[in-house]
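For reference, the structure discussed in these notes is given below.
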Amino acid sequence: MNTILIASGKGGTGKTTLSAVLSMALAERGRRVLAVDGDCGLRSLDLALGMSDRLVFSFADVAAGTVSLSRAAVPHPLNEKLSLLTAPADIPFLRVKQLRALREAAAAESYDYLIWDGPAGLPGELSLYSAIAGRSIIVTTTETACIRSAERTARYLEEAGLHNVHLVVNRIRPALVRHGLAGNIDDVMDQAGLPLLGIIPEDEDIIACSNNGKSLLHFKKDGAALAARNIARRLEGESVPAMRW
Ligand SMILES: Nc1ncnc2c1ncn2[C@@H]1O[C@H](COP(=O)(O)OP(=O)(O)O)[C@@H](O)[C@H]1O
Ligand SMILES: [Mg+2]
């Protein structure tokens, strides 16, 4: 099972959005995916997946052993390959041992991917989550402050022993890139010091879908949905050329 921590330095870069669309893109490929909302107290992955009214138990309940994973994980109404474990309303006191037990339970239930939607900021719960992840994807925009925080987060994760770290650059505005007014992707990679896994364009349908309880990948094929499918293919070892506009 692949355990992937979706992280960033600054908040609002698109971690939850990426967690949702990537989880659905992997499920579309037939993989069993457990998406976990790791943003305790500020959960929003349920909204990004269009599943807000269906959740009772959180990942903390499963980690603490109060409820089984099969009872707490809620299947997505449009794709049963994808299940969601939501975040608790408060910040729980958890040990690495308990999160490892959760990961083992997911592996025992034949999940192929554990996609862990992380919180913003350092170190917080990130140190706990990084202890169970096999790799991390750091999400940044092309804003300098955001790239700098991505670089710091990557260094932090590497010091914590997580070396398989890639970058996704989100909210790219094609018109600005064409006219040389937005940061060049190569420069973003250089500044963050990380290899690129993918880029996601600015896509207003993300907000429309989230506000209306819809899954983006069931709604459209191009834009951020295509970007997510490309990232899923690369994660699975396919060589997919960068998006063009
Ligand atoms: N590519 C994008 N295009 C348009 N809006 C986006 C995009 N990515 C994220 N957003 C919006 O930006 C806001 C923050 O995204 P979110 O995924 O919640 O960030 P984070 O989880 O890192 O805090 C949300 O309102 C989301 O809908
Ligand atoms: Mg989030």
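Nothing in this text is a laboratory measurement; each read-out follows from the coordinates by a stated rule. Keep in mind it's a predicted model, so treat the numbers as computed, not measured. Reconstructed Cβ throughout: ideal geometry from the backbone, glycine too, with neighbour counts over all protein chains shown.
Annotation: of all residues in the stretch 12-35 being within 11 Å of ligand 1 (Cβ to nearest atom) and β-branched (Val, Ile, Thr), the one that is farthest from the chain's Cα centre (by Cα) is Thr13.
Among the residues of the stretch 1-28, those that are in contact with an Asp or Glu (Cβ under 7 Å, 6 or more places away or on another chain) and not polar (S, T, N, Q) comprise Met1, Ile6, Lys15. Pairs are defined by a Cβ separation below 7 Å, a sequence spacing of at least 6 or placement on different chains, a first member in the stretch 141-160 that is closer than 25 Å to Leu176 by Cβ, and a second member that is among the β-branched types (Val, Ile, Thr) and assigned to a helix (DSSP H, G or I); the pairs so defined are Thr142/Val188; Ile147/Val188.
Among the helices (runs of 4 or more DSSP H) confined to the stretch 111-222, the ones with at least 3 residues that are more than 18 Å from the chain's Cα centre (by Cα) and of a type outside the set (Ser, Thr, Tyr) are located at 144-159, 174-178, 185-192, 204-211. For the stretch 134-164, give me each residue that is buried (at least 21 other Cβ atoms within 10 Å of the Cβ) and under 19 Å from Thr17 (Cβ atoms). Of everything in the stretch 134-164, those that are buried (at least 21 other Cβ atoms within 10 Å of the Cβ) and under 19 Å from Thr17 (Cβ atoms) turn out to be Ser136, Ile137, Ile138, Val139, Thr140, Thr141, Thr142, Cys146, Ile147, Ser149, Ala150, Thr153.
Table: residues versus (1) over 21 Å from Val139 (Cα atoms); (2) of a type in the set (Lys, Arg); (3) within 16 Å of ligand 1 (Cβ to nearest atom); (4) over 17 Å from the mean Cα position of the chain (by Cα).
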site: Leu42; (1), (2), (3), (4): no, no, yes, no
site: Gly50; (1), (2), (3), (4): yes, no, yes, no
site: Val62; (1), (2), (3), (4): yes, no, no, yes
site: Ser83; (1), (2), (3), (4): yes, no, no, no
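Quick grid of which residues meet (1) under 14 Å from Gly38 (Cβ atoms); (2) in contact with an Asp or Glu (Cβ under 8 Å, 6 or more places away or on another chain); (3) in contact (Cβ under 8 Å) with a residue 12 or more places away in the chain:
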site	(1), (2), (3)
Leu78	no, no, yes
Leu85	yes, yes, yes
Phe93	no, no, no
Val96	yes, no, yes
Ala105	no, no, yes
Glu109	no, no, yes
Leu114	yes, no, yes
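Gly38 satisfies every condition listed in (1) farther than 21 Å from Asp112 by Cβ; (2) within 15 Å of the chain's Cα centre (by Cα) except (1).
Across the stretch 196-211, the number of residues qualifying as of a type in the set (A, V, I, L, M, F, W, C), more than 6 Å from ligand 1 (Cβ to nearest atom) and within 23 Å of His166 (Cα to Cα) comes to 3. Entry remark, the stretch 60-83: residues being surrounded by fewer than 18 Cβ atoms within 10 Å (Cβ to Cβ) and part of a loop (DSSP other than H, G, I, E, B) number 7 in total.
Select from the stretch 3-32 the residues that are crowded, with 24+ Cβ neighbours inside 10 Å, among the small types (Gly, Ala, Ser) and out of contact with any Lys or Arg (no Cβ under 8 Å at 6 or more places or on another chain) and list them in ascending order. Matches in the stretch 3-32: Ser19, Ala20, Ser23. Of the listed requirements (1) buried (at least 21 other Cβ atoms within 10 Å of the Cβ); (2) of a type in the set (Lys, Arg); (3) more than 16 Å from ligand 2 (Cβ to nearest atom), Lys220 misses just one: (1). Taking the stretch 1-59 as the range and being within 9 Å of ligand 2 (Cβ to nearest atom), more than 22 Å from Glu236 (Cα to Cα) and either in a helix (DSSP H, G or I) or among the β-branched types (Val, Ile, Thr) (or both) as the test, the residues that pass are Thr13, Leu45, Ala48.
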